Amino acid sequence: MQLSYFGLLFWFGLYMVNRDVRNIRLLLAGLGVIVCSLGFGVTLLMPYSQGDPFMAPPLSTVRDICFYLPLVLWQGAVLSTVSREEGERNVLWQLWRYVLTGLTVGIVIWLAFAANPDIYFVSSKAAVCVFFILVTVLSIWGAVSGGTKRPFPFYVFNYVPLFVFACMTVLNLFFPEVVWNKWTLVANSAGMLLFGAYTIVKEIREQGESWLPDLFRSLDYSVFFTLIFSGQVALVIILGTGTGFDFATLLLLMVSIMVSIAFQVFVYPIRALLDNIALMTFPKLRTERTKLRLVESVQVRIDDDANPEEMDNEEFYRHIRRATSNLGNLERLAASPLAQLALIDERLRKSGAADGVVERANELKSLLIESILQMKPRPDEAFGTTDEWKFYNALYFPYVAGIKPYSVRYSNNQLDAPSKEALEWFRTCVPERTCYNWQNAGARLIATSLKEKNALLRRNKNE
């Protein structure tokens, strides 16, 4: 049961990270659950390392670090969730990114190299108190900032980890001999698990995707793979040795569980890598395999109940904004509810293309690019810097042309002349925040235009 709980935590953390690695909230929450699983796994190993002067101290250090590190990751996820206003978000995010994470790295290094047991004991207790105070202050600040009234479940699921950490801090300070009881560690990780579950459901629903089928598929496959591969390891250890588990065999079994779960969670990237190697000299077949993988991975994420025609203006704009920023990602476009627009149906009918996942994603991409090109003030000019060009420039060059004006490592060697001019203009005349605001405004214009065209098309069909 303990190994099953360890595997569940590790799987769910990896699943959250893999579901949308570009989503900072899912990334931080997933990493927090993974660290919880590692801390729980180390606690399972510690009874088998008693008396070993080389293994016991490092495991104890890792366990202590895994106590407060998930809370730091949780804090980052919460701040990026509750701080919706950009001004407040910037302040809170900078405090977390540079102050709290910098302090975390420093304390991790200090604890890792603290050889004196007395110094280590005092340092670990001080670290727990410091982190508890800091995350409490930042949590209160984030909760009251912006003045937005949020539903009660939001506070329950978001702040469960902080409540559990507060209880464990009291135990750690006054009853150190029971703080590392396995049940308290189960409670600590369960708090992160509930927070992660709430976060992933909320984020995926906002993206207009279905969350339950893909989650069940991943869990089902993970259990199956783990039973097949790690189950054999467990049987060999139990039946082959006749003495049960020791440190080495338990560590081997836990590593086997982690590898089995990781292989299943990242099965699509792994298959893509292996296909590219095996089919290196067969480009057509490699393309077909890529298309099949895309369809297979996206079908379980499409929300069949999504109705973009019934969305209000704000929700429709959010999906347009997300789709424009993912023009180069067919998987995201295919899973978007915008792919179910009546405009897409009409374009597929006129072109005679099949009504498939990839075809709808390509049509949505073409529709968005056409909408961006329609914002160009003068078709005979490639680039301009007047006010009438700002929305077109902010959308076309980063998302269609693919330039990255605010990346210090981005090179312009492959760009044409207009794109080079645009890159220089962005870097010298347009702050990143200004470009972001122009992109939002341009996406609103596209959303208004497409919503009107879609409504007109449906009205004409009904008549």
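3J(HN,Hα) along the stretch 332-349: 5, 5, 5, 7, 5, x, 5, 5, 9, 4, 5, 4, 5, 4, 5, 5, 5, 5 Hz, from the Karplus curve 6.51 cos²θ - 1.76 cosθ + 1.60 with θ = phi - 60°, whole Hz, x for Gly and Pro. Under the convention that each Lys and Arg Cβ holds +1 and each Asp and Glu Cβ holds -1, the size of the dipole of the chain around its Cα centre is about 360 debye. Listed by chain and number, the lysines whose C-alpha is less than 20 Å from the C-alpha of Lys420, apart from same-chain residues fewer than 8 away, are Lys376, Lys390, Lys404.
Counting only aspartates and glutamates at least 8 places from Lys291 when in the same chain, those with an alpha carbon closer than 18 Å to its own are Asp275, Glu331, Asp355, Glu359, Glu363.
Output the 0 to 90 degree angle, nearest 10, between the alpha-carbon long axis of helix 212-235 and the longest principal axis computed from the alpha carbons of the chain. Result, in degrees: 40. Rounded to the nearest 500, the 222 nm mean residue ellipticity of the chain from helices alone is -24000 deg cm²/dmol, with -39,500 (n - 2.57) taken per DSSP H run of at least 4 residues. In the chain, the longest principal axis of the Cα atoms and the axis of helix 24-45 are about 20 degrees apart.
Over the Cα atoms of the stretch 308-462, compute the convex hull volume and normalise it per residue, giving Å³. Walk me through the intermediate numbers first.
Working: hull volume 20.3 nm³, N = 155.
So the per-residue Cα hull volume is 131 Å³.
For q = 0.11, 0.14, 0.15, 0.17 Å⁻¹, what log10 I(q)/I(0) does the stretch 2-209 give under the Debye formula with an equal point scatterer on each alpha carbon and no solvent? The computed values of log10 I(q)/I(0) come out as -0.52, -0.83, -0.95, -1.21. For the chain, the longest principal axis of the C-alpha atoms and the axis of helix 417-429 are separated by about 60°.
Think of the chain as a dipole: +1 on every Lys or Arg Cβ, -1 on every Asp or Glu Cβ, centred on the Cα centre; then among Gly352, Met168, Val137, Gly352 lies furthest on the positive end. Taking only the C-alpha atoms of the chain, the Rg (one decimal) and the largest Cα-Cα distance, Dmax (whole number), read 25.8, 83 Å.
With coordinates expressed along the principal axes, the C-alpha atoms belonging to the stretch 159-316 extend over 60, 51, 22 Å, beginning with the largest.
The numbers here are math on the coordinates, done by the rules we state, and not lab data. Small disclaimer: the values here were computed from a predicted structure and weren't measured. Positions of Cβ are backbone-derived with ideal geometry, glycine not excepted, and every protein chain shown enters the neighbour counts.
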